[in-house]
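Heads up, the thing below is written out as structure tokens.
The values are calculated or read from the model by the stated rules, or taken from the named source; none is laboratory data. Since we're looking at a predicted model, the values are computed, not measured. Neighbour counts run over all protein chains shown; Cβ positions are idealised from the backbone, glycine included. Accessible surface is based on the protein model in full, side chains and every heavy atom, while ligands, DNA and RNA are left aside. Shrake-Rupley method; radii C 1.70, N 1.55, O 1.52, S 1.80 Å.
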Amino acid sequence: MRTSQPQTIYLSDYKVPAYLVDTVDLRFELFEDGARVHSTLELRRNPESDETAAPLELDGDSLTLESVALNGAELAAGDYEDRGDQLVVRSVPEQFTLTVVTWIEPQNNTRLEGLYKSSGMFCTQCEAEGFRCITFFPDRPDVMARFRTRIEANKDAYPVLLSNGNDVEKGELENGRHFVTWEDPFPKPCYLFALVAGDLVEKRDTFSTCSGRDIDLRMYVEPRNAEKCDHAMDSLKRSMRWDEEVYGREYDLDIFMIVAVDDFNMGAMENKGLNIFNSSCVLASQETATDLAFQRIEAIVAHEYFHNWSGNRVTCRDWFQLSLKEGFTVFRDSQFSADMGSPTVKRIEDVTLLRTAQFAEDGGPMSHPVRPASYMEISNFYTLTIYEKGAEVVRMIHTLLGPDMFRKGSDLYFERHDGQAVTTDDFVKAMEDASGRDLSQFRLWYEQAGTPVLAISDDFDAETGVYRLTIEQSIPDTPGQTNKKPQHIPFALGLLGQDGQPLPLQLESGDSGAPTERVLELTEAVHTFEFHGVESRPVPSLLRHFSAPVRVRYNWTREQLLFLMSHDPDGFNRWDAGQRLAVDVIQSLVNAPDDAEIDPRLVEAYRKLISDADLDQALVAKMLQLPSEAYLIELTDKADVPAIHRAREAVLRHLAGALKGELLGCYQRHQGSGPYEVTPEAIARRSLRNTALAWLLMIDDEEGRSLAVSQLNAADNMTDRMGALRALVNSGFESDRQEALDDFYNRFQDDPQVVEQWFSVQAASDQAGQLSDIHKLLEHPAFDWKNPNKIRSVVGAFAGQNLAAFHNPDGSGYQFLADQVCRLDDSNPQIAARLVTPLTRWRKFAPSYSDRMKSALERIRDKAGLSRDVYEVVHKSLAD
Ligand code: 7MF
Ligand code: ZN
């Protein structure tokens, strides 16, 4: 626990390490009352460091030091200093062996950083700074060493003993114990270290690489999960093939292992050769996982696998460079998902997350650049900006260079930096060197925080046939950054003629072979582009595919949006036009009288969408999703959440009432037959049906109710079962709701991943998730304060998705969240700090709300012994 005010770490203070570690030899003695860790390091002074007389300083956290030896001789108490968070040895030779023995208590580790226990098994999480909770070590990613790990434990309780690399030795020990030794031939930073010990079943498969090597693929799960591994294993094989085909990257060890763990702070972790996953991000079966979960699992398995190159073979010099591996890897996994399904749908999903959550982060008190300049607690910087905006930045490089040059740049990057710990700048440099393009202005995307705004205006001169588009960029101030420079923005666009046909984009007159889509490059604060040979005022299709993570301001008329919704050849922009239209209609109803008219053109547009079987049904499924409350809030200056909630619901109810026949038709038409499949077509079909059902129950339609009840009872898969349950839970049919919830729980109570879904469908519901209901969920026997997934599925879902209840005008939602954050701060500060997020947005809301949010934050601030994690978030949120 913290005793003094947390320090800020600055990128500008970076220094190369004073000592390097060549090899690490670890021996773990695992017991029920703790673990003894023997660590032997081969160390030498770093020739590149100018600190020639520096003492040896090793990081540590919550360790009990038992002994220290230098070159085999035990050090006396005066020869070293144990400062708790550091072990300092003042005088050491040029090159030496240091042996440190520490005692730790994994069974009492509730922070889930370092070595801890989850459902009886030992497991680790070391990124970013968890290794220091295992032993004293230079815990920074630019210290890369070869690891050898021997694990000793009771054989009955822990028959499976795993670590990174290859198993090189195993044997029996006294007292029913055994050991296995693992050796990882690739030097790696300690954040990639992993250990697992437990009673797990093994699922095996093989993968034959492009060079003909056979890789042993192994999944380790608790016996009850043995039948939930197939999807992850298949996803892994697809990822391995894809990385060979698209990036020319082959797997490098002989074994690749995946372990599922129930208690995990994050989604998953790319430890070398031994990826560890949150159970909810890897286990799936038709009966227990929704389509969304299947898709998420495929993406996360791919993400972790892709880290083997973008992260492990080439890693980060320091944690300010986190987006080097995360932005690139998210870009890679999104390309992969696009290739496995519909690229347009994948783009819509990514942009929805970016515009809803990353834009909100970038406009709030925790706003930071893709490459931050400072931090207090690095775990607070695993953010949407690092991941999602970081991926957008890589995507823009891909757009500017084109796929072939981008691949050349990626090859050069991996070749040049294999085995190194490098910076985002090294990445950009490789892209520049391979392509010959100058990306110096582009680098501002890494340095400047804030979402650029593009203010766009246009005019058309019928006489000359010139259409003129003026684009002005500006970047809002963010904490610590003002007066920003213009950025290099790839801006894809097209123009549509009045008949809906794409027009050739003639930047000079007479350019008859001009393309119908271009990527303009914005570099100045203001640009004016002229398009020639235009016969009548065109409708612009702006920022196609969302070619840059920016806000577009343009005064679309509803006519233009309706036109784009049905004519834009870019599927993404067709969807976007629908979203903008719906936003406009909903916004015009906020604070309007109850009987205000809802634009009939919106109803007709949706009618067409629902009924037209020729359209791409996956795109239709996305277009039918109204903009979320979170997105509507993000677009609003001083949001009145209950008013936004009411306006959105009014539109939904109006649409459902007017389109009832079409919805019933859609539901029947997409019935589907034959076995369950997770294909894009089948997913779209289920999504459309379940949307239709949800809408019908929004108006308490009797026919909808009976369809939902029979779907719930007849479903052979979780997507349809959950679709029906959610529709009932969000309806006014109170007795059906309770019965459905009880039946569902009785059926699935032994499956934690399903119970998590059961919790969150209630916590996120404005019908079933009022504060009194939330308190009951927290008292439920299946709820567990030590399990991050359970906390997220109740507390996180309430504060993040049940916005009307969370923003109760009396402030009770805010006080509730403050209570839970304070309670979690001691046991799991990482989770506590993440839960605070909704409160940090207090400036977005109308004064009566923001005042109450602020006072909830102040209460957290005043808690005694606040963790560094929560301290940073709360203090930055309250600063002016
Ligand atoms: C897909 O990035 C996208 C993002 C850190 C933990 C996984 O591989 C990771 C780890 C956090 C937040 C999001 C993700 C991860 C982490 C993640 C997972 C899958 N290196 Br924190
Ligand atoms: Zn990652």
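Odds and ends about this structure:
- The charge dipole of segment 191-276, taken about its Cα centre with unit charges on the Cβ atoms of Lys, Arg (+1), Asp and Glu (-1) only, comes to about 80 debye.
- Rolling a 1.4 Å probe across the protein heavy atoms gives the chain an accessible surface of 38 Å² per residue.
- With contacts taken as Cα pairs under 8 Å and at least 6 residues apart, the chain reaches a relative contact order of 9 percent.
- Measuring only protein heavy atoms, the 1.4 Å probe finds Arg238 accessible over about 80 Å².
- Under 5 Å between amide hydrogens, built in the peptide plane, is the criterion, and for Thr23 it picks out Glu42, Arg146 among residues at least 5 positions away or on other chains.
- Here the chain has 46 percent of its accessible surface on carbon and sulfur atoms, given a 1.4 Å probe and all protein chains in place.
- Solvent-accessible surface ranking, highest first, for Ser827, Ser239, Ser12, Ser710 at 1.4 angstrom: Ser12, Ser710, Ser827, Ser239
- Across the options Tyr745, Leu161, Phe733, the greatest Cα extent toward the positive end of the charge dipole of the chain (unit charges at beta carbon of Lys, Arg, Asp, Glu) belongs to Phe733.
- Residues Trp758, Trp556, sorted by accessible area with the largest first, give Trp556, Trp758 [1.4 Å probe; ligands and nucleic acids excluded].
- Using θ = phi - 60° in the Karplus curve 6.51 cos²θ - 1.76 cosθ + 1.60, the 3J(HN,Hα) couplings for segment 716-731 round to 9, 8, 6, 4, 6, 5, 5, x, 5, 4, 4, 4, 5, 4, 8, 8 Hz; x is entered for Gly and Pro.
- Total charge dipole magnitude, segment 399-485, about the Cα centre, Cβ charges on Lys, Arg, Asp, Glu only, Debye to nearest 20: 240 debye
- Projecting the Cα atoms of Gly480, Gln501, Gly533 onto the dipole axis of segment 392-544, where Lys and Arg carry +1 and Asp and Glu carry -1 at the beta carbon, places Gly480 farthest toward the positive end.
- Rounded to the nearest 10 Å², the accessible area of Ser474 at probe 1.4 Å: 60 Å²
- Of the peptides 258-265, 327-334, the ranking by mean beta-carbon count within 10 Å, highest at the top, reads 327-334, 258-265.
- The helix-only estimate of mean residue ellipticity at 222 nm for the chain, built from DSSP H runs of length n ≥ 4 each weighted as -39500 (n - 2.57), is -12000 deg cm²/dmol after division by the residue total.
- The coefficient of translational diffusion for the chain, derived via Stokes-Einstein from the alpha carbon Kirkwood radius under 37 °C and 0.692 mPa s, stands at 113 µm²/s.
- Estimated vicinal HN-Hα couplings, Hz - segment 832-837 in sequence order (Karplus 6.51, -1.76, 1.60; Gly, Pro = x): 4, 5, 5, 5, 5, 2
- The distance separating the Cα centre of segment 178-219 from that of segment 655-724 comes to 43 Å.
- In Å², nearest 10: area of Arg747 left accessible to a 1.4 Å probe: 150 Å²
- Radius of gyration and Dmax over the Cα atoms of segment 426-561, both given in Å: 16.7, 51
- For the set Glu29, Glu872, the ranking by accessible area, highest first and with no ligand, DNA or RNA atoms included, is Glu29, Glu872 under a 1.4 Å probe.
- Listed cross-link partners Lys346/Lys429; Lys325/Lys622; Lys408/Lys429; Lys325/Lys844; Lys622/Lys786 are compared with a 24 Å cut-off, the Cα-Cα value being larger for Lys346/Lys429; Lys325/Lys622; Lys325/Lys844; Lys622/Lys786.
- Along the axis of the charge dipole computed for the chain (Cβ charges of +1 for Lys and Arg, -1 for Asp and Glu, origin at the Cα centre), the listed residues Cys133, Ile644, His545 are led at the positive end by Ile644.
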